[in-house]
Amino acid sequence: MADVFDKCRAWTRVRDAVTAGIMPYGHVIEDLVDGTEAVVGGRKVVMLGSNDYLGLSADPRVKAAAQEAIDRYGTSCSGSRLLNGTRPVHGEFEQRIADFLGREAAVVTATGFQTNLAISTLLGHGDVVLTDRGNHASLVDAARLGFAEHRRYRHNDVEHLAWLLDTSGADRGKVIVTDSTFSIEGDLCDLPAIVRLAREHDARVVLDCAHDLGVLGAHGRGAPEHFGLESQVDLVTGTFSKAFGSTGGLIAGSREVVDFIRHLGHPAVYSAAMPPAAVAAADMALQIIEQEPERRTRLLDIAERLHNGLRALGFDTGRSTTHVVPVLIGDETLCLRFWTALLDAGVFTNAFVTPALPADKTMIRASVLATHTDTQLDQALEAFARVGRELGVIPATPPRTYEPVMTARPVTA
Ligand SMILES: Cc1ncc(COP(=O)(O)O)c(C=O)c1O
């Protein structure tokens, strides 16, 4: 007789990788030295595997704000916002984040993943949701949870999106949902084309700015500000677990849509509120983001150096123009070996293999923080060079030329 647990017994990937000594997941980070270095297996390594892009999770002001909130409110709300979990900090922060983004209202939830799942509330019977195939898993799951027809377009292929819109039925409610900065490949969505198509087809645009809120745009308002298209994006979602150095998620938009999600979105209603300490940390991070634009400048500078340093060695960093720097490896086992050898050489990164990517298109993801030093970056590049040559990912001698990357800096800077 079939047993639903059979698949677990048959699934040996992790055991195989551990046995082979090439397991890149679940390592204990024993310590994080100001976020830029990690202690793993008792060794200090350069941390290129964090999303703490502005280095704020280690900032004394952010830590103090969280500690004060714990003293004032305790460690948990022990319940949902609607029932018993709303403390003064929630409403105040929601208004501040809405004001920052130039939106009428915002709602915060315990994680960015939950925030995105709440989009499913908008996807009714008869509607169509159009999503990029490269979207984050939380957006994929949101589309699956909703009642709308789910149509997926090839990654960043706006012609495919146009065709899907053309064939979706003029009278149906339509919404385009996409990452603004794709989380593995670090490339930006083609927002100008997406909003144009949305206008032509009376579709709404929902943008997950998880990786670029606080980072892109002259004021850190993310990809919509970077492209000068804030007024044409209907709903912005994001997370506080990356540039904000905290944890939690947000949805910002018109008051009626935000209130609808706040009262009907299951992840907002049936789950405990964002802890006050996380709210206070994100709130302090917001103030720093507004007051210290030099962090964004530094991040995009150092990311550009990483991209171009890797490219000069012969690595392929794909189509990213952001601080999320993919290094294309190809074969899956090679990717796991590469990750392990890099750690041995003193650099912690992230490995992406199946099911996140096809087995022959695996990647290492490196991400810098505004607080990394040039010396740390040089150490990382040296390790990449050594491991890349040893494993035959790059040629023994660097290419004579390479196409340089310019990161997505604000147009006005
Ligand atoms: C694009 C994107 N959206 C949403 C999330 C989820 O955010 P959180 O970690 O706050 O749940 C992530 C996290 O990796 C992400 O990369």
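Please treat every number below as a calculation from the coordinates, not as lab data. All values reported here derive from a predicted model rather than from experimental measurement. Quick reminder, even Gly has a Cβ in these numbers, built from the backbone with ideal geometry, and neighbours come from all protein chains shown.
How about segment 370-413: which trypsin sites (Lys or Arg not before Pro) there lie in a loop by DSSP and see at most 10 other Cβ atoms within 10 Å?
Answer in residue order: ARG400.
Quick check: convex hull of the Cα atoms in segment 98-211, volume per residue, rounded to a whole Å³? Mind dumping the intermediate values first?
Details: hull volume 12.2 nm³, N = 114.
In segment 98-211, the Cα hull volume divided by residue count equals 107 Å³.
What does the C-alpha gyration tensor say about the overall shape of segment 344-412? Classify as rounded when a/c is under 1.5, otherwise prolate if a/b is larger than b/c, or oblate.
rounded
For segment 309-364, what is the Kirkwood estimate of the hydrodynamic radius, computed as the reciprocal of the mean inverse distance between distinct Cα atoms, to one decimal in Å?
11.6 Å
Rounded, prolate or oblate: pick one for segment 59-115, where a ≥ b ≥ c are the square roots of the eigenvalues of its C-alpha gyration tensor, a/c under 1.5 means rounded, and failing that, prolate if a/b is larger than b/c, else oblate.
Verdict is oblate for segment 59-115.
Among GLY214, SER254, LEU197, whose Cα sits farthest toward the positive end of the charge dipole of segment 183-255 (+1 at Cβ of Lys/Arg, -1 at Cβ of Asp/Glu, about the Cα centre)?
SER254
Taking 0.36 nm per intervening residue step and subtracting the Cα-Cα distance, what contour gain separates THR75 from SER254 on full extension? It would help to have the intermediate numbers written out before the result.
On the way: separation 179, 0.36 × 179 = 64.44 nm, distance 3.11 nm.
Separation in residues times 0.36 nm, less the Cα-Cα distance, equals 61.3 nm.
Quick check on packing: order 314-322, 78-86 by the mean number of other C-beta atoms within 10 Å, highest mean leading.
Top to bottom by mean Cβ count within 10 Å: 314-322, 78-86.
Please report, for the Cα atoms of the chain, the Rg to one decimal and the Dmax as a whole number; what are they, in angstrom?
Cα radius of gyration and Dmax of the chain are 21.5, 66 Å respectively.
At a Cα cut-off below 29 Å, give the lysines reachable from LYS174, other chains included and same-chain residues fewer than 8 away excluded.
Leaving aside lysines fewer than 8 places away in the same chain, none come within reach of LYS174.
So what does the Cα-only Debye profile of segment 60-291 read at q = 0.08, 0.17 Å⁻¹, as log10 I(q)/I(0), no solvent term?
Listed by q, the Debye log ratios stand at -0.27, -1.18.
Ignoring everything except DSSP H segments at least 4 long, calculate the 222 nm mean residue ellipticity for the chain; use -39,500 (n - 2.57) per segment, divide by total residues, nearest 500.
My calculation for the chain gives -11500 deg cm²/dmol from helical runs alone.
With the dipole of segment 10-66 worked out from charges on the C-beta (+1 for Lys and Arg, -1 for Asp and Glu) around the Cα centre, which of VAL40, HIS27, LEU54 lies farthest toward the positive end?
Most positive-ward Cα: HIS27.
About its Cα centre, how strong a charge dipole does segment 60-291 have in debye, to the nearest 20, once Lys and Arg get +1 and Asp and Glu get -1 at the Cβ?
Approximately 540 debye in magnitude.
Taking 41 Å as R0, compute the FRET efficiency from the Cβ-Cβ separation of PHE147 and ALA64 and round it to 0.05.
0.35
In 5 Å bins starting at 0, how do the alpha-carbon pair distances of segment 275-370 split up by percent?
3, 12, 17, 19, 16, 11, 11, 9, 3, 0
Given Cβ point charges of +1 (Lys, Arg) and -1 (Asp, Glu) and nothing else, what value in debye, to the nearest 20, does the dipole of the chain about its Cα centre take?
Around 440 debye, computed over the chain.
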